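**Student:** One structure, as structure tokens, below. Some questions next.
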Amino acid sequence: LGTLASFTPLNPTGRYFLNLSRHLDYAVASRLRVLYINEAEDGLCGHASRCCFRNMTLNGKEVPGMENGRATVSALRAWTFPPSGTLQFDFVSFRAPTGVPMPPESFE
């Protein structure tokens with residue numbers, strides 16, 4: 001399952017190396033795009049034009065339309081992921097985690 005096995009939509013922050021010719025990797029990239037757009041529309045990003053996707057490269061080169069490796073919401077909406085290639089990026093989510101905190105004794 002690769003990337004999908006470690007992908008957590010409730011806490012998606014992390015470094016990603018996705019082989020877009022694999023359907024599951026492509027699905028992770030698509031899901032992260034939706035999460036980013038939702039966070040920007042919800043006003044969670046300090047600067048809605050730039051956040052979440054950072055250091056983005058496709059096959060080791062900067063993605064056209066991305067500014068210094070950062071993807072704006074409008075650029076990501078306009079860009080279609082290619083059917084193949086290696087997409088590499090850091091994803092930073094600004095959404096606060098949900099759930100119940102773990103009690104201190106669970107760490108002993």
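The values are calculated or read from the model by the stated rules, or taken from the named source; none is laboratory data. Here the structure is a predicted model, which means the values were calculated and not measured. Every residue, glycine as well, gets a Cβ built from its backbone with ideal geometry; the counts of neighbours run over all protein chains shown. All accessible areas refer to the heavy atoms of the entire protein, side chains included, with ligands and DNA or RNA removed. Shrake-Rupley method; radii C 1.70, N 1.55, O 1.52, S 1.80 Å.
**Student:** Considering every residue within region 17-31, establish whether at least one is modelled with pLDDT under 90, at negative phi and within 15 Å of the chain's Cα centre (by Cα).
**Tutor:** Kept after step one, since they are modelled with pLDDT under 90, are these residues of region 17-31: none.
Among the residues of region 17-31, not one is modelled with pLDDT under 90, at negative phi and within 15 Å of the chain's Cα centre (by Cα), which makes the answer no.
**Student:** Between residues in region 14-42 that are within 13 Å of CYS52 (Cα to Cα) and residues that are small (Gly, Ala, Ser) and at pLDDT below 90, which pairs lie under 6 Å by C-beta distance while being six or more apart or on different chains?
**Tutor:** ALA40/ALA48
**Student:** Does any residue in region 54-75 that is at negative phi and in a strand (DSSP E or B) come within less than 9 Å, Cβ to Cβ, of a residue that is open to solvent by 70 Å² or more (accessible area, probe 1.4 Å) and modelled with pLDDT of 80 or more six or more places away or on a different chain, and which pairs are these?
**Tutor:** MET56/GLU62; ARG70/ASN55
**Student:** Of the residues in region 42-59, how many are under 15 Å from PHE89 (Cβ atoms) and either at pLDDT below 95 or surrounded by 15 or more Cβ atoms within 10 Å (Cβ to Cβ) (or both)? Spell out how you get there, then give the answer.
**Tutor:** Keep residues of region 42-59 that are under 15 Å from PHE89 (Cβ atoms), which gives 50-59.
Then drop every residue that is not either at pLDDT below 95 or surrounded by 15 or more Cβ atoms within 10 Å (Cβ to Cβ) (or both), which leaves 50-58.
Final tally of qualifying residues: 9.
**Student:** Please find, among GLU62, GLU67, the residue that is modelled with pLDDT of 80 or more and either open to solvent by 40 Å² or more (accessible area, probe 1.4 Å) or within 12 Å of the chain's Cα centre (by Cα) (or both).
**Tutor:** Details: GLU67 fails: modelled with pLDDT of 80 or more.
That would be GLU62, the only listed residue that is modelled with pLDDT of 80 or more and either open to solvent by 40 Å² or more (accessible area, probe 1.4 Å) or within 12 Å of the chain's Cα centre (by Cα) (or both).
**Student:** Same structure, new question: Within region 24-41, can you find the residues that are open to solvent by 10 Å² or more (accessible area, probe 1.4 Å) and of a type outside the set (Val, Ile, Thr)?
**Tutor:** Scanning region 24-41 gives LEU24, TYR26, ALA27, SER30, ARG31, ARG33, LEU35, ASN38, ALA40, GLU41.
**Student:** So in region 70-92, with the set limited to residues that are over 18 Å from LEU18 (Cα atoms) and not aliphatic (A, V, I, L, M), which one is most open to solvent (accessible area, probe 1.4 Å)? Walk me through it before giving the result.
**Tutor:** Initial filter on region 70-92 (over 18 Å from LEU18 (Cα atoms)): 72-75, 77-78.
If we keep only those that are not aliphatic (A, V, I, L, M) too, we end up with 72, 74, 77.
Working: THR72: 26, SER74: 84, ARG77: 130 Å².
Residue satisfying both the conditions and the ranking: ARG77.
**Student:** Filter region 80-104 down to the residues that are under 15 Å from the mean Cα position of the chain (by Cα) and either part of a helix (DSSP H, G or I) or at pLDDT below 85 (or both) and list them by number. Break it down stepwise before answering.
**Tutor:** In the first step, residues of region 80-104 are kept if they are under 15 Å from the mean Cα position of the chain (by Cα); the result is 80-81, 86-95.
Across region 80-104, the qualifying residues are PHE94, ARG95.
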